[in-house]
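Accompanying notes for the structure given below.
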Amino acid sequence: MMLPDTLPGLAFLATYDRDRGRTVGQWSGQLLGAAAVADLYLDGYVVDDDGRVRPVAGRATPTNPVLAEVWQRIGSSRPRRWQHWASQRGLRSEVRDDLAARWIRVDRPAAFLRRERISLRDPLSATRIAELVRGTLRSGTPVARLPERDNILVALLAVAEVGTVLPRRTRRDNGRRLKEMIARGGPPVDGLRRAIRQAKSVYASGG
């Protein structure tokens, strides 16, 4: 089975922990939001307008339901900065439901004091996403020549500190290349970095 063809779908699978039977990661919510906006950015649905996300007029609604939802949110909102869209709420369930048709099963829904439990329809999906990330990171191809979507996926996962596919030691050992990939990722990756920085500041202040 092939991997999902959207960045939010790939990011969701990248955060899946097979031992725990669920997705993990303190910044997974921001990651999914940034991934969705990054997809719209790469496909020409939105552009950067002085640090804010601006929708491109005349585009048809994306066919993927997750991207269509985010596209609608952006279109019905005043211009906002990239970090706002990385921090949007309620997107995880949208991504999960989109993946449930082909890639995952919800074995146990979340309930009060009980975590959701999911499994992969194809256990090799986790291996494939890890190989994609590892291959992109350790490839001898210069960062400027990497496929843009692969570059931005790895950059987003690195900024969100996704340890399932990018353990801390891997991020440290490949710090220089990751820094280049993050810089190439442009506004969506920078927006995720800023959103996480804001969240950390709130946590530190006890807010």
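The values are calculated or read from the model by the stated rules, or taken from the named source; none is laboratory data. In this text the structure is predicted, and so the values were computed from the model without any measurement. With ideal geometry, Cβ positions are generated from the backbone for all residues, glycine too; neighbour counts draw on all protein chains shown.
Look at the stretch 152-179: where a residue is farther than 16 Å from Ile196 by Cα and modelled with pLDDT of 95 or more and a partner is among the polar types (S, T, N, Q) and part of a helix (DSSP H, G or I), sitting 6+ places away or on another chain with Cβ atoms under 7 Å, you get Val154/Thr136. The number of residues in the stretch 5-25 being more than 12 Å from the chain's Cα centre (by Cα) and either surrounded by 20 or more Cβ atoms within 10 Å (Cβ to Cβ) or among the aliphatic types (A, V, I, L, M) (or both) comes to 3.
Screening the stretch 163-207 for residues that are surrounded by fewer than 18 Cβ atoms within 10 Å (Cβ to Cβ) and hydroxyl-bearing (Ser, Thr, Tyr) and picking the one that is farthest from Leu40 (Cα to Cα) gives Ser205. Looking only at residues that are loosely packed, with under 13 Cβ neighbours inside 10 Å and either among the polar types (S, T, N, Q) or not in a helix (DSSP H, G or I) (or both) in the stretch 116-138, which one is nearest to the chain's Cα centre (by Cα)? Checked the stretch 116-138; the qualifying residue nearest to the chain's Cα centre (by Cα) is Thr127.
Okay, residues lined up against (1) among the aromatic types (Phe, Trp, Tyr); (2) without any contact (Cβ under 8 Å) to a residue 12 or more places away in the chain; (3) over 26 Å from Ser201 (Cα atoms):
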site: Leu40; (1), (2), (3): no, no, yes
site: Tyr45; (1), (2), (3): yes, no, yes
site: Arg54; (1), (2), (3): no, no, yes
site: Ala60; (1), (2), (3): no, yes, yes
site: Arg89; (1), (2), (3): no, no, no
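When Asp150, Asp97 are checked against the criterion of being farther than 15 Å from Asp17 by Cβ and in contact with a Ser or Thr (Cβ under 8 Å, 6 or more places away or on another chain), Asp150 stands alone in meeting it. Is there a residue in the stretch 6-23 that is at pLDDT below 95, touching a Phe, Trp or Tyr at 6+ places or on another chain (Cβ under 8 Å) and of a type in the set (Ser, Thr, Tyr)? Scanning the stretch 6-23 turns up at least one residue that is at pLDDT below 95, touching a Phe, Trp or Tyr at 6+ places or on another chain (Cβ under 8 Å) and of a type in the set (Ser, Thr, Tyr). Here Thr141 meets the list (1) of a type in the set (S, T, N, Q); (2) buried (at least 17 other Cβ atoms within 10 Å of the Cβ); (3) without any contact (Cβ under 8 Å) to a residue 40 or more places away in the chain almost entirely, failing just condition (2). Taken over the stretch 94-114, the residue count meeting the criterion of being outside any strand (DSSP E or B) and exposed (fewer than 12 other Cβ atoms within 10 Å of the Cβ) is 4. Only one of the numbered conditions (1) assigned to a helix (DSSP H, G or I); (2) modelled with pLDDT of 95 or more; (3) closer than 23 Å to Gly9 by Cβ; (4) of a type in the set (A, V, I, L, M) is violated by Ala144, and that is (3).
Could we say that Ser201 is out of contact with any helix residue (DSSP H, G or I) (no Cβ under 9 Å at 6 or more places or on another chain) and touching a residue at least 40 places away in the same chain (Cβ under 8 Å) here? No, not satisfied. Here is the figure for the stretch 29-62: residues that are surrounded by fewer than 22 Cβ atoms within 10 Å (Cβ to Cβ) and within 26 Å of Arg105 (Cα to Cα) total 2. Scanning the stretch 63-80 for residues that are crowded, with 18+ Cβ neighbours inside 10 Å, touching a strand residue (DSSP E or B) at 6+ places or on another chain (Cβ under 7 Å) and either outside any helix (DSSP H, G or I) or basic (Lys, Arg) (or both) returns no hits.
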